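First up is the structure itself, then whatever we jot down about it.
The values are calculated or read from the model by the stated rules, or taken from the named source; none is laboratory data. What you see is a predicted model, and the numbers here were worked out from it, not measured in a lab. Using ideal geometry, Cβ is built from the backbone for each residue, glycine included, and neighbour counts are taken over all protein chains shown.
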Amino acid sequence: MWPKVKKCLKKLWWFIWEDESIWSWLVNIVLAFILIKFIVYPGLGLLFGTSFPVVAVVSGSMEHDGTFEDWWSSETALCESHRCQQGTWYTTVAITEEEFQEFSFSNGFNKGDIMVLFGVEAENIKTGDVIVFQSQQKADPIIHRVVEIDENYVFTTKGDHNPSSGDIDQNIIENNIYGKAVFRIPFLGWIKIAFVYLLQLIGVY
């Protein structure tokens with residue numbers, strides 16, 4: 001009995017690691033997905049204290065156009081009903097240019113980046129932190145920067161690239177926060193974006 005099992009295991013090992021067929025490649029992709037989905041991802045979540053330890057950035061809401069100075073002085077914000085510079089908008093929430101430059105990810109980040117998150121308690125979140133949260137207005141989690149915190153630890157955020165804080169950025173409570181972004185891996189998220197797009201094309205997603 002054992003020699004037969006050993007022989008089958010050797011064949012399976014060769015098929016996965018040595019075989020160059022398309023079927024071997026497909027099996028490897030499925031195994032990699034299972035490993036990441038059910039072992040690596042939950043393990044990171046346990047280690048980092050969040051159910052979303054790694055997220056792919058799927059929108060351009062945190063992108064900066066050009067240098068920091070280019071972005072800060074760009075007239076891409078809305079102050080009440082008129083167009084204004086991004087820097088002018090941030091002064092309305094008492095954030096100066098010097099303060100912003102001390103924030104984490106002060107130059108923003110791009111669609112297609114991967115962000116690593118740590119779980120965080122509300123009292124440890126500061127203005128300028130980048131958080132991932134769930135909004136009642138959108139099904140997918142959102143990653144934006146905290147711009148205001150009230151005395152009850154209710155948060156307001158804004159995407160750096162966005163003209164102002166929208167409805168999705170208002171009244172964010174601790175229970176809706178998945179974590180704080182602490183590390184950025186450029187471009188790797190395009191793998192997920194491309195995969196989801198492919199699933200959408202074939203009508204699966």
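Given the condition over 12 Å from the mean Cα position of the chain (by Cα) and in a strand (DSSP E or B), answer yes or no: does some residue in segment 161-177 qualify? Reasoning before the result, please.
So the first thing to find is which residues in segment 161-177 are over 12 Å from the mean Cα position of the chain (by Cα), and the list is 161-177.
Next, from what is left, pick out any that are in a strand (DSSP E or B): 172, 177.
Checked segment 161-177: at least one residue is over 12 Å from the mean Cα position of the chain (by Cα) and in a strand (DSSP E or B).
Let me confirm something: among I149, I143, which residue is within 19 Å of D65 (Cβ to Cβ) and not charged (D, E, K, R)?
Within the list I149, I143, the selection yields I143.
From (1) over 15 Å from the mean Cα position of the chain (by Cα); (2) hydroxyl-bearing (S, T, Y); (3) assigned to a loop (DSSP other than H, G, I, E, B), pick out the condition that doesn't hold for T156.
(3) is the only condition that T156 fails.
Please determine whether any residue of segment 114-123 is surrounded by 12 or more Cβ atoms within 10 Å (Cβ to Cβ), modelled with pLDDT under 95 and not assigned by TED's automatic domain parsing to the domain that holds L44.
Yes: segment 114-123 contains one or more residues that are surrounded by 12 or more Cβ atoms within 10 Å (Cβ to Cβ), modelled with pLDDT under 95 and not assigned by TED's automatic domain parsing to the domain that holds L44.
Name the strands (runs of 3 or more DSSP E) wholly inside segment 45-93 in which the number of residues that are more than 16 Å from A181 (Cα to Cα) and touching a residue at least 40 places away in the same chain (Cβ under 8 Å) is 2 or more.
Filter on segment 45-93 gives 77-79.
Kindly indicate the residue of segment 79-98 that is exposed (fewer than 13 other Cβ atoms within 10 Å of the Cβ) and farther than 14 Å from V147 by Cα and also modelled with the lowest pLDDT among those meeting that condition.
If we take residues in segment 79-98 being exposed (fewer than 13 other Cβ atoms within 10 Å of the Cβ) and farther than 14 Å from V147 by Cα, then S81 is modelled with the lowest pLDDT.
Pairs needed: first member in segment 117-129, in contact (Cβ under 8 Å) with a residue 60 or more places away in the chain and in a loop (DSSP other than H, G, I, E, B); second member anywhere, surrounded by 17 or more Cβ atoms within 10 Å (Cβ to Cβ) and polar (S, T, N, Q); C-beta distance under 9 Å; at least 6 residues apart or different chains.
Pairs that qualify, where the first residue is in contact (Cβ under 8 Å) with a residue 60 or more places away in the chain and in a loop (DSSP other than H, G, I, E, B) and the partner is surrounded by 17 or more Cβ atoms within 10 Å (Cβ to Cβ) and polar (S, T, N, Q), are G119/T50; V120/T50.
For residues that are surrounded by 11 or more Cβ atoms within 10 Å (Cβ to Cβ) and either in the same structural domain as F183 (by TED's automatic domain parsing) or closer than 22 Å to V132 by Cβ (or both), scanning just segment 34-45, find the one that is modelled with the lowest pLDDT.
For segment 34-45, the residue satisfying everything is I36.
Could you tell me whether N107 is at negative phi, surrounded by fewer than 18 Cβ atoms within 10 Å (Cβ to Cβ) and either touching a His at 6+ places or on another chain (Cβ under 6 Å) or acidic (D, E) (or both)? So that I can check it myself, show each step before the final result.
Details: at negative phi: yes; surrounded by fewer than 18 Cβ atoms within 10 Å (Cβ to Cβ): yes; either touching a His at 6+ places or on another chain (Cβ under 6 Å) or acidic (D, E) (or both): yes.
So N107 fits the description; yes.
Please verify whether V55 is closer than 21 Å to R184 by Cβ, modelled with pLDDT of 75 or more and within 21 Å of the chain's Cα centre (by Cα), treating the condition exactly as stated.
On the way: closer than 21 Å to R184 by Cβ: yes; modelled with pLDDT of 75 or more: yes; within 21 Å of the chain's Cα centre (by Cα): yes.
Here the answer is yes, as V55 does meet what is asked.
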